[in-house]
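Step one of this worksheet: look at the structure below.
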Amino acid sequence: MRALRAAGLIAIVLLAACEPEPEIDHYVLALNWQPAFCEYNTAKPECGALDEDDFAATNLTLHGLWPNAADGDHPFYCSVTANDRRTDETGDWCALPAPGTDQATQAALTEAMPGSRSCLDRHEWIKHGTCTGLGGDAYFDTSLHLLREVEATELANLLRASIGREVSRRDLLQAWERDFGPGTAKALEIVCRRDGSRGLLTELRLALRRDALDEPLSGSMLFREGPPPHGGCPAQIYIDPAG
């Protein structure tokens, strides 16, 4: 009887640690510009290893794929134990359980998600991936597919051509709309960090329809509800080089 009561109490505690089933109407694909991230995170192992010949020096890299709700009630930590949530929130990401990616996916993340050297993949899985309804391998395979799709765009080509100099925010948005059509830049947030008088590109965030993650990237799969995001960028944006 005592064992049954103890098991019941454990079940209650675990259920209390979980968020309710999320109401998701879109996803946000978050992509880093790694050289700018490393300007302010020099102690990170992925930053100490970054040089100008690396993939991350000239390409957008994976931050995460986040389930979202337009009303702002974003789901986090779904079916996660209280202990794993505490571990994540304290930043001890390498103590989190592995997300269950296979060898090929993990190898791809080593290049496309430099933060995996700091166990960013475990953090993203625990906080966001657990709310997608996907397994860990499928979650990251989907994220990598979307990264590859963005890397083939005219906007990504313009970023690579602008490394070490400024490019206008307007030119970036227009490059996006040349690929995907008028008004589609409403689904794109360009995020910057101020560095003196300059605005450094740090991240792109792309809103995607919930039912379109596995499709080729197109204007019809973009989520464009609500006001256009701005991301704190000035009219001219500096594209930081590695080093």
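The values are calculated or read from the model by the stated rules, or taken from the named source; none is laboratory data. Keep in mind it's a predicted model, so treat the numbers as computed, not measured. Remember, those area values only see protein heavy atoms, side chains included, never the ligands or the DNA or RNA. Shrake-Rupley method; radii C 1.70, N 1.55, O 1.52, S 1.80 Å.
Sorting 73, 25 on solvent-accessible area from highest to lowest, probe radius 1.4 Å, gives 73, 25.
Largest GNM mean-square fluctuation across 30, 212, 43, computed for the chain with C-alpha springs under 10 Å, falls on 43.
Taking Cα atoms only, the orientation of helix 169-180 departs from the longest principal axis of the chain by about 70 degrees. Computed over the chain, the per-residue total of -39500 (n - 2.57) for DSSP H runs of n ≥ 4 gives a 222 nm mean residue ellipticity of -10500 deg cm²/dmol, rounded to 500. The apolar share of the surface of segment 19-164, taken as the fraction of accessible area on carbon and sulfur atoms (1.4 Å probe, ligands and nucleic acids excluded), comes to 47 percent.
Give the distance, in whole Å, between the Cα centre of segment 31-52 and the Cα centre of segment 99-142. Cα centres, segment 31-52 to segment 99-142: 19 Å. Heavy atoms of the protein chains alone define the surface here; on that basis the chain has 49 Å² accessible area per residue at 1.4 Å probe size. When the chain is treated as a Gaussian network with alpha carbon springs shorter than 10 Å, the biggest mean-square fluctuation among 34, 103, 174 belongs to 103. Here the relative contact order of the chain, from alpha carbon pairs under 8 Å that lie six or more residues apart, stands at 25 percent.
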